[in-house]
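Step one of this worksheet: look at the structure below.
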Ligand SMILES: *Cc1c(COP(=O)(O)O)cnc(C)c1O
C-alpha cells in the first residue's frame with residue numbers, strides 16, 4: 001500500500017523542531033509517562049542536558065570527540081551515476097563512514113559525555129539488532145564507563161556477532177526473556193532496570209523515543225547530521241538548499257537529526273518507513289515506553305510487532321516529534337517494502353560502489369520510486385541521509401539474493 005497522506009506545501013510554524021513545549025510535548029505527542037522514580041530521573045537528565053547544551057565547554061568537548069573518535073564531519077557524496085539514471089541530482093550524507101558504521105555513534109557519544117558530567121559511572125541501553133548496543137559499549141569504553149545492554153533472547157540468537165562485539169568492548173549483555181524477546185521487550189526491561197539504578201546509571205536510549213527529555217535530547221545530538229549537511233549543500237548544490245530531504249525512519253533519530261538542519265527552509269522532508277514498521281504512516285495514538293505517540297496496534301490497542309528485513313526499522317512506533325511533523329504536514333511519511341529496499345541496496349552498490357545498510361536502502365528505494373513515478377521533478381536536488389553501512393547485512397543479503 002502506498003502512502004495516501006496529502007502532499008501539502010511545507011509550512012513551518014515558528015518553533016518547529018525547536019524546544020518541545022512544556023512537559024516535553026510536540027503538539028499532542030510526547031510527555032513523560034513513567035513511574036514516579038523515573039519521572040524524577042528524567043527531570044535530572046533534562047536539567048543536566050539543558051545546562052550542558054548551553055555550555056560551550058560541553059559542546060566543544062563533544063565536537064572534538066565526534067571529530068577525533070567518530071570521524072566527523074562525514075562527507076556529502078554526489079551519487080553521479082545513479083543521479084544520471086534517475087534524472088535527479090542525488091547527494092548522500094555519509095553516516096556510513098562514521099566509526100562503528102552508523103549515525104548511532106553521534107547520540108551515544110553525546111549521552112556518554114552527559115552521563116560523565118552527571119557523575120554517573122554506568123550506561124544502561126536496550127538494543128535490537130545490536131547496533132545501538134555496540135555504539136553504547138564503544139562510547140562507554142572510550143570514556144571509562146560501564147555498560148549494561150538489554151537484548152531480547154531471540155535477537156541474541158540472531159545477532160551473535162554484535163553480541164560478541166559488545167562483550168569484547170567490555171559491556172555486559174543481559175538476555176531478555178519476556179514477551180516476544182525482541183527490541184520492544186528489551187526497552188521495557190532496560191527502563192525497569194533503570195528504576196533501581198538511577199543514582200549511579202544513565203539510561204542511554206537509542207532513538208528519538210521514550211519519555212521527555214529523550215526525544216528532544218537525542219534529536220539535538222543527531223542534529224549534527226543536518227547542520228553539517230545544510231552547510232555542505234549551501235556550498236555544493238546548484239539550488240543551495242535541496243528540493244527534497246529524505247531519510248529512513250525506525251524510531252526516527254537519523255531523520256530527526258537530518259530534518260532539524262532544514263526545518264526552516266522550503267525543502268520537502270520525507271521520512272521513509274518499512275512497510276512492516278510504519279508507525280508514522282499507519283500507527284495509532286498510544287502510550288509506550290514513556291511517551292505518547294503513534295504505534296502499530298490491533299483493534300484492542302495491543303502493540304503489534306513490527307517486521308522488516310532491516311533490523312533497525314523493526315520498531316512498532318515512531319518518535320513523538322515525527323508524529324507532530326506529520327500532523328503539521330511539515331514532513332511526509334511513506335513506506336517501502338523489503339524487496340524494494342533490497343533492490344535499492346544492490347543498485348547503490350553497483351552504481352556508486354557503496355553497500356548501504358538495509359535501513360538506509362529504504363530511503364533510497366523511495367527516491368528511486370519517486371523519480372520513476374514523477375513525484376520528483378526532473379533535475380530536482382535530493383539530499384538523502386545514508387544512515388549506515390551494509391557490512392552488518394551481508395549475511396542477510398547473501399541468503400536473499
Ligand atoms: C538503528 C538504525 C536506523 C534506525 O534508527 P533511527 O532512530 O530511525 O535513525 C537506521 N539506520 C541504521 C543504519 C541504524 O543502525
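Each value in this text was obtained by applying a stated rule to the coordinates, not by laboratory testing. Note that the structure is predicted; figures quoted are calculated from it, not measured. Glycine gets a Cβ as well: all are built from the backbone with ideal geometry, and neighbour counts include every protein chain shown.
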By how many degrees, 0 to 90 and rounded to 10, does the Cα axis of helix 183-195 deviate from the longest principal axis of the chain? 30
In what sequence, highest mean first, do 70-80, 115-125 appear when ranked by Cβ atoms within 10 angstrom? 115-125, 70-80
Give the angle, between 0 and 90 degrees and rounded to the nearest 10, that separates the Cα long axis of helix 131-143 from the longest principal axis of the Cα atoms of the chain. 60
What distance in nm lies between label points placed 7 Å from Cα along the C-beta direction at residue 328 and residue 351? 3.1
For segment 26-143, just the Cα atoms, rotate onto the principal axes and tell me the three extents in Å, largest first. 56, 38, 31
How far is it, in nm, from the label point at residue 21 to the one at residue 160 when both lie 7 Å from their Cα along the line to the Cβ? 5.1
Rg from C-alpha atoms of segment 122-266, normalised by the globular rule of thumb 2.2 N^0.38 Å, equals 1.18
Suppose we take every Cα in segment 86-155 and form the convex hull; what volume per residue is that in Å³? 101
Net lengthening on full extension, residue 287/residue 400 (0.36 nm per residue, minus Cα-Cα): 37.1 nm
Shape category assigned to segment 314-401 from the gyration tensor of Cα positions, a/c cut at 1.5: oblate
What full-extension length gain, to one decimal in nm, is calculated for residue 51 and residue 118 as 0.36 nm per residue of separation minus the Cα-Cα distance? 23.0 nm
Roughly how far apart, in whole Å, are the Cα centres of segment 326-384 and segment 157-223? 29
Protection proxy (average C-beta count within 10 Å per residue), highest first, orders 157-168, 202-213, 93-104, 187-198 as 202-213, 93-104, 187-198, 157-168
Can you tell me what share of the DSSP beta bridges in segment 256-347 is antiparallel? A percent to the nearest 5 is fine. 55
Divide by every residue of the chain the summed helix terms, -39500 (n - 2.57) for each DSSP H run of at least 4, and state the resulting mean residue ellipticity at 222 nm, rounded to the nearest 500 deg cm²/dmol. -13500 deg cm²/dmol
Between rounded, prolate and oblate, where does segment 279-344 land on the alpha carbon gyration tensor, with a ≥ b ≥ c its root eigenvalues, rounded for a/c under 1.5, else prolate if a/b exceeds b/c? oblate
The chain: angle of helix 104-117 to the longest principal axis, Cα-based, in degrees nearest 10: 30
Net length gained if the chain between residue 264 and residue 68 were fully extended (0.36 nm per residue, minus Cα distance): 67.5 nm
For the chain, what is the convex hull (Cα atoms) projected area averaged across all directions, in square nanometres? 17.6
Divide, for segment 204-272, the radius of gyration over alpha carbons by 2.2 N^0.38 Å, where N is the residue count. 1.12
Mean 1/r over all different Cα pairs, inverted: what Kirkwood radius does segment 245-388 give, in Å? 15.2
Taking 7 Å along the Cα-to-C-beta vector as the label spot, tell me the residue 40-residue 168 distance in nanometres, rounded to one decimal. 4.1
